[in-house]
Structure formats: structure tokens, C-alpha cells
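Chemist: Pasting a structure below so you can have a look.
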Amino acid sequence: MEVLEVFEGVDHILHGGDVGKWDVIVALEALAPVTAVYGNIDGFDIRAKLTQVAEVELDGFRIAVTHGDQLGSPTPAKLHAAFPAAEIIVYGHTHKPLLELVDRTVTVMNPGGAGAPRFGLLPSVGILELEPGIPPRGRIVGFGGGGGGKDPQAFRGIRGLKPRPLQGTD
């Protein structure tokens, strides 16, 4: 399975930085609106187009997106302190997949990195399922072996949102 296949049908994509090439954003925008930030590996061309932190409200949830490198080694505690108004924080810097749950609600997500394996970690992306009035749900989707897409270096750090209908409703 490729990274872009995972994001087919999503309503919005969050990218936590380390974009690498602008073509990544273009490819993602062909699937859904994108909220993206730059990461520490991104050059001046990417930094000129993106911010260090982005805030977006989706389905009534306040979400902060950041690479996290401005916090040194980001942890959920540091991220909560830096973004106290956010109900969900998505970050990237460590490329280590993480879901922090509070009362079964996703509050911090690092979906890992979707490019070539780094730091001994396999590629992965995250999916958040958001519906108004229902606690957010999330999961990490891993890719075995090489890169997650056709260009393993291109899709590092992709984040996505995918709604899931309630069972028993139309």
C-alpha cells in the first residue's frame, strides 16, 4: 500500500514538517485541503511558503500543527504547555509514532515519517477520525520495508484526517 492510497477520501491532510520537496504538498493538495508546517530539514523555499506553527479548526476541534523542533526534544507535556488552547496537537520532529490518549481521546499525535526508514523506525502515517461532538479517534498506519510511496524520500511526515461514520447511521 502506498501513502497516497491511505489518504484517498480524506477530508483534510495535516503535515507536520520535513516536507523536503514542494511536489509533496502539490500531490497531497490533489487529494484534499492541506495544512502544513515546515520542519528543520526544509530549505528556504519551503520555509517561505509555510509557517512554523499552524492552527486549524476541523469538525469543532482546535488543532495545532507543528514540527516541534522549536521545543528541542518535543514531548506531549512540552507540546501541551506550548499550545494550551489546542485540543489536538500533531507534530513530527522525532519521526517516532505516538498517540497520547486522555480518557480515550487523542490529544497528541506524531504519526512518524512516511519516507525512508529513519532512526530504526519503519515508515508510517497517522489517521485521525473526527466527528462533531464525539471524542477524536486516531491510529497509526505502518508501512513495512522501504518507503511509503513511489518516492520514499518525498513523503516524509505526512499526516491525515479521515472521518468514520457511526455504525447504524446513514
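Chemist: Take the range 109-135 and flag every residue that is without any contact (Cβ under 8 Å) to a residue 40 or more places away in the chain, assigned to a strand (DSSP E or B) and aliphatic (A, V, I, L, M).
Modeler: 121, 134
Chemist: Looking at (1) surrounded by 15 or more Cβ atoms within 10 Å (Cβ to Cβ); (2) farther than 21 Å from residue 47 by Cβ; (3) at pLDDT 80 or above; (4) of a type in the set (A, V, I, L, M), which one does residue 106 not meet, given that it meets all the others?
Modeler: It fails just one condition, (3).
Chemist: Is at least one residue of the range 72-87 more than 15 Å from the chain's Cα centre (by Cα), more than 29 Å from residue 2 (Cβ to Cβ), polar (S, T, N, Q) and outside any helix (DSSP H, G or I)?
Modeler: Within the range 72-87, one or more residues are more than 15 Å from the chain's Cα centre (by Cα), more than 29 Å from residue 2 (Cβ to Cβ), polar (S, T, N, Q) and outside any helix (DSSP H, G or I).
Chemist: Starting from the range 60-82, take each residue that is on the phi > 0 side of the Ramachandran plot and list its partners that are among the aromatic types (Phe, Trp, Tyr), counting only C-beta distances under 6 angstrom and pairs at least six apart or across chains.
Modeler: Filtered contacts from the range 60-82: 68/91.
Chemist: Next question, about the same structure. If you go through the range 27-64, how many residues are in a helix (DSSP H, G or I), modelled with pLDDT under 95 and among the β-branched types (Val, Ile, Thr)?
Modeler: 0
The values are calculated or read from the model by the stated rules, or taken from the named source; none is laboratory data. Note that the structure is a prediction, hence the values are computed from the model and not measured. Please note: Cβ atoms are built from the backbone with ideal geometry, for glycine as well, and neighbour counts cover all protein chains shown.
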